[in-house]
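Engineer: What follows is a structure written as structure tokens; I'll ask about it next.
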Amino acid sequence: MSALITWTSRPWLQRYALARPNARSSHRIPTPQGAGIAVIAATLVVASAWAAWANVAIPPALVIATVVIAVVGFADDIVSLPVLVRLVLQAACVGVVVFAAPDNARIVPALPLALERGLILLAGIWFVNLVNFMDGLDLMTVAEVVPVTGTLLLLGLLGDLSWPVTLIATALCGAMLGFAPFNKPVAKVFLGDVGSLPIGLLLGWCLLELAWRGQPAAALLLPAYYLADSTITLFRRVARREQFWSAHRSHFYQRAIDNGFTVPRVVGEVFALNFLLGLLALGTISAGSAAATSLALFAGAIATGFILWRFSRHQGF
């Protein structure tokens, strides 16, 4: 479904949603954006149909928030919304998902519920945006989302995740695989904000549910590369007093291209890292001990740091 919608919508996107290259772009020819419409539509339709057949309830708040944030992203793709407007609308969508959860869904029970939910709201807004920031290279989001959702699918089959989360993760994985042939270098179409923002919301919700089920280490390991690259880059830009909300080419994966890495090599290494992080996440859950969790977190940090170091050095180092 994702592939079919992407293929049929390309002429329309070519006409109305063309991303033209600039000094901060990774692409060199005008390329249509907005294929996220196909990914999100396929994910929600298939997951909802599957849930109805299996008598499983996907939270309505999640579906509504996903549609709304996709509309926000599409508007930004077309007319470029002001930063404050984008943030307010994103916060509203994330807030609907976070505060609709039952009160017994906790990560740190020692914290007051309101404080914990407030911190999760801020983290959710950041996660939605960092997925958008990291979607700046052909197949990059595919190399991130497919291993993460594939691991979540496996966890669901093993009984470590609820069926609603498993269905959303599985449908999103399939939708990204359907989009991948159109986004391989040199990409014929991009996701656009209409895709990256709701993907961030859906993926963030899946990881939050994993943390609520007592597996915060696994929820942290799975997106570790995206978290590290985007957060370190943000702090560096703030320290340099740059307009951190504006477009730039200072992410580690972007610097890797400037340092002579090819696009397939960058996304290949990111995919391999995410595969390893998925194995480590599975290990923390299967082992079930503090020692194994600490070791997995340490190994994940070393592996992620090594890739960031490689990307920041010229090819050959």
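Engineer: Can you work out the accessible area per residue across the chain, with the rest of the protein chains kept in place, probe 1.4 Å, in square angstrom?
Structural biologist: 45 Å²
Engineer: Same structure, new question: Can you give the charge dipole size of the stretch 102-260 about its Cα centre, rounded to the nearest 20 debye, using +1 on the beta carbon of Lys and Arg and -1 on the beta carbon of Asp and Glu?
Structural biologist: 360 debye
Engineer: Treating only the Cβ atoms of Lys and Arg (+1) and Asp and Glu (-1) as charged, compute the dipole magnitude of the stretch 1-139 about its Cα centre; round to the nearest 20 debye.
Structural biologist: For the stretch 1-139, the charge dipole is close to 340 debye.
Engineer: Assuming a viscosity of 0.692 mPa s and a temperature of 37 °C, what translational diffusion coefficient in µm² per second does Stokes-Einstein assign to the chain, Rh being the Kirkwood radius over Cα pairs?
Structural biologist: 166 µm²/s
Engineer: Given H placed 1.01 Å from N in the peptide plane, which residues other than close sequence neighbours of Ala19 have an amide H under 5 Å from its amide H?
Structural biologist: For Ala19, the qualifying residues are Thr31, Gln33.
Engineer: Say a paramagnetic label sat at a point 7 Å from the Cα of Ile29, along Cα to Cβ; which residues of the stretch 252-268 have their backbone N under 20 Å from it?
Structural biologist: From the stretch 252-268, the list is 262-265.
Engineer: In addition: Output the Kirkwood hydrodynamic radius of the stretch 274-317, Cα pairs only, in Å rounded to one decimal.
Structural biologist: Result for the stretch 274-317 stands at 11.3 Å.
Engineer: Right, another one. With an 8 Å Cα cut-off and a minimum separation of 6 or more residues, compute the relative contact order for the chain in percent.
Structural biologist: Once normalised by length, the contact order is 23 percent.
Engineer: Go through the stretch 269-278 residue by residue and turn each phi into a ³J(HN,Hα) via Karplus (6.51, -1.76, 1.60, θ = phi - 60°); whole Hz please, and just put x for glycine and proline.
Structural biologist: Values per residue, Gly and Pro as x: 5, 5, 4, 4, 4, 5, 4, 5, 4, x Hz.
Engineer: Given only helices, namely DSSP H runs of n ≥ 4 each adding -39500 (n - 2.57), what is the per-residue ellipticity at 222 nm of the chain, to the nearest 500 deg cm²/dmol?
Structural biologist: For the chain, the value works out to -24000 deg cm²/dmol.
Engineer: For the stretch 235-307, what's the relative contact order in percent, using C-alpha pairs closer than 8 Å and at least 6 residues apart?
Structural biologist: Once normalised by length, the contact order is 21 percent.
Engineer: Another question about this same structure. Leaving ligands, DNA and RNA out of it, report the carbon-plus-sulfur percent of the accessible area of the chain at a 1.4 Å probe.
Structural biologist: 69 percent
Engineer: May I pose another question? Using a 7 Å offset from the Cα along the Cα-to-Cβ direction at both Trp7 and Gln315, what is the distance between the two label points in nm, to one decimal?
Structural biologist: Calculated label separation equals 3.3 nm.
Engineer: Sort Tyr253, Tyr16 by accessible area with a 1.4 Å probe, largest first.
Structural biologist: These residues rank, largest area first, as Tyr16, Tyr253.
Engineer: In Å and whole numbers, how far do the C-alpha atoms of the stretch 158-317 stretch along each principal axis, longest first?
Structural biologist: 43, 35, 32
The values are calculated or read from the model by the stated rules, or taken from the named source; none is laboratory data. Here the structure is a predicted model, which is why all the values come from computation and not from measurement. No Cβ is skipped: glycine too gets one built from the backbone with ideal geometry, and neighbour counts run over all protein chains shown. Quick note on the areas: whole protein, heavy atoms, side chains included, nothing else; ligands and nucleic acids left out. Shrake-Rupley method; radii C 1.70, N 1.55, O 1.52, S 1.80 Å.
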